[in-house]
Every structure is written in structure tokens, then in C-alpha cells.
Amino acid sequence: MPVPLLDLKEQYKSIRDEVLVAVERVMESQQLILGPEVSALEDEVARYSQCEFGIGVSSCTDALLVALMALDIKPGDEIITTPYSFFATAGSIARLGARAIFVDIDAATFNILPEKIEAAITERTRAVMPVHLFGQMAEMDEIMAIARRHNLFVIEDAAQAIGAEYKGRRAGSIGDLGCLSFYPTKNLGAFGDAGMVMTNDPRLDERVRRLRNHGYAEKYYNKEVGGNFRLDAIQAAVLRVKLKYLDDWTAARQRNAERYRTLFREARIALEHVGDNDFDEREGVILPTEAPERRHIYNQFVISTRRRDQLQEFLKERRIGTEIYYPVPLHLQECFKDWNYQSGDYPQSERAALETLALPIYPELTDEQQQQVVEAIKDFFG
């Protein structure tokens, strides 16, 4: 049977009636932009994420952009971040004329290495933007300590990490600002684009709310130049339905991750930790690492192998869905060539771009489907 990378139809079947009621409620009200549905979602997600404030916006890309705007990031400023992430991480920085200063990643978790951040700080550095990649949070204690020592802001790119935890604290709640994505493929996905900015600072809350709506102090009275980053009420209504099920879906993803580990262990074609010099990655795969004191929500289950491209093609022939996140690290993207980065600057990020492959991990994935995935990978390695 085919095994898709993600099957949103199965999830929708389980909540269809509730979603239709929620959408009809919005249609009947005809309050389609912002309004009570958005306000309710903001409160619910903020509470879930252990934050004082949530500000609904049009996407996580816009969340990152408006967060930077709220911190007065200007042309020539520098933001320290990771080169191994979705484009919006660096794209939001570039749109304001600022420059992304990249720091390489940890080979095991794919998250930014805190011990390399301090050396990247200059007199132009204004903020650090860690990315909680694939559903696991970065080393936030170290990052926050460095930022506070140097009077820098911290923006958490938590696009893939709603509900993830670091030492009991949730993604988006530790830095000055946190940004969530509700893109349909995320653990909490809307029926289109949607995002949220999180903060515990009432002044930043007020400013982000103003900037998301053209800088209005009140309607038609613009205190500053903002943008149109407003969230649709229909998306908020759908997300409110889904939020009630998020912890159950996360638990299912965690069970699937553990089942993969068991199946790979039994198949004897995987290493569970990076750094074993006796393991030849051409003859098997490395499984994702779950760091201590974390709640990993498994937005993705990402394996590594030096034969990644051949393995992906083999699995495609077996009708098994996979995805490469991300084949070109940000420092080597053509649109950032003026930043003058070179191949070899960030070896762990470049290696991850060449060797990582995401397997199906969605909550509705069955035991049989996971067995099919692992058996196919075992067949590939002979």
C-alpha cells in the first residue's frame, strides 16, 4: 500500500463535524478578519504555550518579519541565526535590509550551537534567532545567557515546535518574542496560511498588534508604518477546534517515533547516536536524537545517510513518501550571494543538507505502514 509523507484527509475525517460547525459560526457572524475568533485563539494558544500574549498573524513568515520590526531592526543590523532552516528564517531578516550572521548546527539535533554564538557577535549584532528545528528546542539557557550578557534580543523561530519543551518551558515562551506557524502541514495546521507571535512583554504585545494592522493606533490614525499581517477568523476557528486535540496528536507522533526506533533496532540498519566511528553511514541510517530535558513533538522524523538521494528514489519506487529538509543551506542560496558566504563555511549544515531525509510520522500512521517503511529501507541496504 502507498505510505504518504502526510495524510491530512485522515485527520480531517476525525474532526470534520466540529470544523464545519466552527466555520459556519464565522460565516454567520460575517466577522471575517480578526474579531472574537482570533482573540479567543490568541488567548488559548498563549495559555498553551505558557506565554502572556499571543498575536495572530497571517503566517509564520510574517510573524518573524513583524517581530523584527517590533524590535526596530534596521538596514545594516546583524541577526545571528542558523543556516539550516526554512527560507523565512533568513528571508525575514533580509527584507528589512539586515544581515543574517550564521552559526553552524549541532550534528545530532540540527539546532544552532550556542558555544559558537559569542564569536559571531559584533557591534552591529541586535538579536539572536534560534530555530527549534523538526520539533525539538535549542539550548535556550545558554542562548539566553549569551544574549543577556551582550544586551541582545532573542526571537524564537518556533515554526515547527508548538508544545515542544525545554526544561519544562514551552517553545516561544523563553525569548523576547516567539513565532509559531500554523501552515497546514504543521502539528497544529490551519486550512491555509496562519501564524502567531508570542511574548511576555506587554510593550512588545502592543507594538506587534499595531504593526500587524498598518500601524494603526486607532482606525485610520497611523502611529507608524506597519503591514497587513492580520489573521483570518475562519483560520482561527479551525485552529481552535484542532488545538483541543494537539496533545493527543503529539503523543501519537511520539509513539510513532519510538516505534520507528524499535523497528530500526530490530532491523539492525540504524545508529541511534551521532559520532560512532565504527558505523558506516553508507550501510545504514542515523536516527534523530532526542536531547535530555526536552519534549520533542516530532514535526518531522529525520534520518541521515550518505546515500540519501538513492534511498529517496528507492522509497519513491515503493510508493513511500519522503521529503528533504533542506537541500540548500541558507548561506548558499543564490538570493543571499551578496552576503559573500562560501561552500565549506558551515560544514555540519552542509552535511545535513546532503544527508537528511524525513520519513512519515503523522499521528494516523499505522503500525503496518511503519513496518513497510523500515522493511523498504532494510531492502535498500541489502
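The values are calculated or read from the model by the stated rules, or taken from the named source; none is laboratory data. Since this is a predicted model, take the numbers as computed values, not measurements. Neighbour counts are summed over all protein chains in view; Cβ atoms, including those assigned to glycine, are modelled from backbone coordinates with ideal geometry. To get the accessible areas, we keep the full protein, side chains included, count just its heavy atoms, and leave off ligands, DNA and RNA. Shrake-Rupley method; radii C 1.70, N 1.55, O 1.52, S 1.80 Å.
Before moving on, here are some points about what is shown:
- The listed residues Met144, Met1, Met137 rank as Met1, Met144, Met137 when sorted by accessible area, largest first, using a 1.4 Å probe.
- Val57, Val23, ranked by accessible area, largest first (probe 1.4 Å): Val23, Val57
- Sites listed here are GluC sites (Glu not before Pro) in region 196-232 whose DSSP assignment is loop and whose Cβ has at most 12 other Cβ atoms within 10 Å: Glu224.
- Packing-based ranking, highest mean first, of 231-240, 37-46, 332-341 given that Cβ atoms within 10 Å are counted: 231-240, 37-46, 332-341
- Prolate/oblate/rounded label for region 1-151 (Cα gyration tensor, a/c 1.5): prolate
- Burial ranking of peptide ranges 116-128, 160-172, 346-358, 81-93 (average Cβ count within 10 Å, highest at the top): 81-93, 160-172, 346-358, 116-128
- Compactness of region 67-132 as Cα Rg over 2.2 N^0.38 Å, two decimals: 1.06
- Surface share of carbon and sulfur [accessible, 1.4 angstrom probe, percent] for region 243-347: 42 percent
- Residues of region 1-21 falling in the label zone of Asp248, defined by backbone nitrogen less than 18 Å from a point 7 Å along Cα to beta-carbon, are 7-21.
- Computed from the C-alpha gyration tensor, the three semi-axes of the ellipsoid equivalent to the chain are 34, 27, 17 Å, from longest to shortest.
- Residue-normalised accessible area of region 168-223, expressed per residue, 1.4 Å probe, Å²: 44 Å²
- Inter-label distance for Arg318 and Thr185, nm, one decimal - labels placed 7 Å from Cα along Cα-to-Cβ: 2.1 nm
- Counting every alpha-carbon pair across region 290-366, the share separated by more than 16 Å comes to 61%.
- In this structure region 1-61 gives 55 Å² per residue of accessible area when probed at 1.4 Å with all protein chains present.
- In region 163-306, inverting the average of 1/r over every pair of distinct C-alpha atoms gives 18.4 Å as the Kirkwood radius.
- For region 156-223, averaging the sequence separation of C-alpha pairs within contact (under 8 Å, six or more residues apart) and dividing by the residue count gives a relative contact order of 22 percent.
- The residues of region 292-345 expose on average 55 square angstrom of accessible surface per residue, using a 1.4 Å probe on protein heavy atoms.
- Relative to the current alpha-carbon distance between Lys116 and Glu375, full extension at 0.36 nm per residue lengthens the span by 89.3 nm.
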